[in-house]
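Here is the structure we will look at.
What follows draws every value from the coordinates through simple rules; no lab data is involved. The structure displayed is predicted, hence computed values, not measured ones. Cβ placement follows ideal geometry from the backbone for every residue including glycine, while neighbour counts extend to all protein chains displayed.
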Amino acid sequence: MDEEINIVGIAGLPRSGKDTLAELFIQEGGYYGVSFGDIVRNVSRVRHKDSQDPISVANMTETANWLRSTQGPDFALKQALTVYKDAKAQGGTYPGLVVWSIRAPIEVDFIIQHKGDLIWVESNDLLRYQRAMQFMREGEAKLSLEEFKAQEALQWEPQPGLPESVQMNISYVKEHATQRLVNNYEDIKMFHRSAQELIEQLKQKHTKS
């Protein structure tokens, strides 16, 4: 994984706006994109198929920890870099790779070591909860605000019983972010404007490199 690469990572708590920002990087910035969340979500649907909410935050956390334990802490990075390399080999041209739903220190360290940018998308708890309940994915269940926050707490710091290297550590991710973008807007167009300015800034940097 030592190949020179322009890489942007996007992190934040659930429903903070990570997917929206990533879509803008892909559609307007021309970046190639890979969602670490989608990788885990697809496995979690199978692994927790007998649960009423197979892709709850709690089940996604368990699945991600299991994947890192069985396939290595950098399993998602390896998948992302492989498909990006294949896309370029097939003639695709991109200013860089954008990966989102960054949760683990090894993912952060890779981005920083390769002089990439790690964007933390910040949004307040109540607004994120309201978005989650309004736009529920298939496989999610309704939660109270307290339940919503309790499940997220599983991702903030390593939990007992597993090596830290295979667990999520959102506090580490947030601490090492190189850019921060606030998404407390009820009008999505306002977030888009802020995001577009950042995308243009990073694209100019990457097309010069």
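Among 188, 26, a tally of other beta-carbon atoms within 10 Å of each Cβ gives an order, fewest to most, of 188, 26.
Summing charges over neighbours of residue 188, with a neighbour being any other residue whose Cβ is under 15 Å away from its Cβ, gives +1 when K and R count +1 and D and E count -1.
Over all Cα atoms in the range 87-209, the spread is summed up by Rg and Dmax: 17.1, 48 Å. Listed by Cβ neighbour count within 10 Å, with the fewest neighbours leading, 121, 46 appear as 46, 121. Report the extension gain between residue 113 and residue 150 in nm, rounded to one decimal, defined as 0.36 nm multiplied by the number of residues separating them, less their alpha carbon distance. Computed gain between residue 113 and residue 150 is 10.1 nm.
Between residue 6 and 97, the built amide H atoms are under 5 Å apart, and every one of these is 5 or more places off in sequence or on another chain. Loop-located GluC sites (Glu not before Pro) in the range 1-82 (DSSP state other than H, G, I, E, B) with a sparse environment of at most 14 neighbouring Cβ atoms within 10 Å: 3, 4, 28.
Between residue 88 and residue 207, the simple label model (points 7 Å from Cα in the Cβ direction) yields a spacing of 1.8 nm. Bridge orientation summary for the chain: considering DSSP beta bridges with both residues in this region, about 0 percent are antiparallel. Using the Cβ atoms and a cut-off under 14 Å, what net charge is assigned to the surroundings of residue 134, where Lys and Arg are +1 and Asp and Glu are -1? That works out to +3. A simple count of charges around residue 156, restricted to other residues whose Cβ falls under 12 Å of its Cβ and scoring Lys, Arg +1 and Asp, Glu -1, yields 0. Shape summary: the chain maps onto an equivalent ellipsoid whose semi-axes, from the alpha-carbon gyration tensor, are 26, 21, 16 Å in decreasing order.
Cα centroid separation, the range 103-164 to the range 1-45: 14 Å. Normalised by the number of residues in the chain, the mean separation of alpha-carbon contacts (under 8 Å, six or more apart) gives a relative contact order of 34 percent.
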